[in-house]
Protein chains: 2
Amino acid sequence: MTNALLVVAHGSRRAQSNDEVRALTDQVRAIAGDRFTAIECAFLELAPPSIPDGLERLIARGATHVTVLPYFLAAGRHVAEDIPTEVAQTRAAHPHVAIEIAPYLGTSDALPGLLLDTIGAAS
Amino acid sequence: MTNALLVVAHGSRRAQSNDEVRALTDQVRAIAGDRFTAIECAFLELAPPSIPDGLERLIARGATHVTVLPYFLAAGRHVAEDIPTEVAQTRAAHPHVAIEIAPYLGTSDALPGLLLDTIGAAS
């Protein structure tokens, strides 16, 4: 099994915001070790690559198992409906590839502490 | 000086999503100790209270210094323009209250590790 990771963010009209997600993905890649053979990002809207395009890239590179990580803080419509809908398209086109959607970032128990740390670093 | 914290999220049409932010705020309050005399949340859109209403509530409770924490992952238009614009309205109405906007959550160096931990907890 060849595991890959796709970090999925909302996407913004501001290029700087999308670049932040790409930089975050680079940082994840730097610390992930050999857990994933490929780590990329994709955007739900407003920036390339789209989720299907991001998945296709990973599959073209040999991924047989892809974890989709929603880089979202709350389970709004995007997490609950839009991301599953887009993933379902690629699942249908590649039935031999296992594509799993991980819990979105906002489910992390570590977030409250991280929030306070973020303020602490600033003051 | 009486410090208060306002966690500002985007807001969603899904009540469940807004409730997650309220629960997160409760968790922050539970671990913050005596660092802030009051901790509340507010929403940029789609859910109450608004940012000005949230700030007014804290000021009515005696806050003389309010830290606004943008619960956002990337510096899109909301973080770069909309939150500062809303905060400026309250600053103008309450010149004796210091209202500071902290770095948004997405600036945290701990996020890449948190992402991998979130996946790890699921698999």
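The values are calculated or read from the model by the stated rules, or taken from the named source; none is laboratory data. Note that the structure is a prediction, hence the values are computed from the model and not measured. Heads up, the Cβs are rebuilt from the backbone with ideal geometry, glycines too, and the neighbour counts pull from every protein chain shown. Quick note on the areas: whole protein, heavy atoms, side chains included, nothing else; ligands and nucleic acids left out. Shrake-Rupley method; radii C 1.70, N 1.55, O 1.52, S 1.80 Å.
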### Residue match in region B:2-21 (condition: under 15 Å from the mean Cα position of the chain (by Cα), open to solvent by 40 Å² or more (accessible area, probe 1.4 Å) and more than 10 Å from chain A (Cβ to nearest Cβ))
no
### Query
Restricting the search to region B:45-67, which residues are open to solvent by less than 20 Å² (accessible area, probe 1.4 Å) and either within 10 Å of another protein chain (Cβ to nearest Cβ) or outside any strand (DSSP E or B) (or both)?
B:Ala47, B:Pro49, B:Ile51, B:Gly54, B:Leu55, B:Leu58, B:Ala63, B:Thr67
### Task
Check A:Leu24 against each of (1) part of a helix (DSSP H, G or I); (2) open to solvent by 40 Å² or more (accessible area, probe 1.4 Å); (3) more than 23 Å from A:Arg91 (Cβ to Cβ); (4) in contact (Cβ under 8 Å) with a residue 24 or more places away in the chain and name the one condition it does not meet.
(2)
### Task
Please enumerate the residues belonging to region A:98-123 that are within 9 Å of chain B (Cβ to nearest Cβ) and either touching a residue at least 40 places away in the same chain (Cβ under 8 Å) or open to solvent by 40 Å² or more (accessible area, probe 1.4 Å) (or both).
A:Glu100, A:Pro103, A:Thr107, A:Asp109, A:Ala110, A:Asp117, A:Ala121, A:Ala122, A:Ser123
## Note on the structure
The lone condition A:Pro95 fails out of (1) closer than 22 Å to A:Met1 by Cβ; (2) open to solvent by 10 Å² or more (accessible area, probe 1.4 Å); (3) under 15 Å from the mean Cα position of the chain (by Cα) is (3)
### Task
Working only within region A:60-74, note down all residues that are of a type in the set (A, V, I, L, M, F, W, C) and in contact (Cβ under 8 Å) with a residue 40 or more places away in the chain.
A:Ala63, A:Val66, A:Val68, A:Leu69, A:Phe72
### Selected residue [of a type in the set (D, E, K, R) and closer than 19 Å to B:Gly120 by Cα] from A:Glu45, A:Glu56, A:Glu40, A:Glu20
A:Glu40
### Task
Kindly check whether there is at least one residue in region B:27-37 that is open to solvent by 40 Å² or more (accessible area, probe 1.4 Å) and more than 10 Å from chain A (Cβ to nearest Cβ).
yes
### Query
A:Arg77 fails exactly one of the following numbered conditions: (1) open to solvent by 40 Å² or more (accessible area, probe 1.4 Å); (2) free of Cβ contacts under 8 Å to residues at least 12 places away in the same chain; (3) out of contact with any Ser or Thr (no Cβ under 8 Å at 6 or more places or on another chain). What is the number of that condition?
(3)
### Query
Quick one: what pairs do we get from region A:37-49, first residue on the phi > 0 side of the Ramachandran plot, second in a loop (DSSP other than H, G, I, E, B) and open to solvent by less than 50 Å² (accessible area, probe 1.4 Å), C-beta under 8 Å, 6+ apart or different chains?
A:Leu46/A:Gly11; A:Leu46/A:Ser12
### Task
Determine whether B:Pro84 is closer than 26 Å to A:Val68 by Cβ and outside any loop (DSSP other than H, G, I, E, B).
no
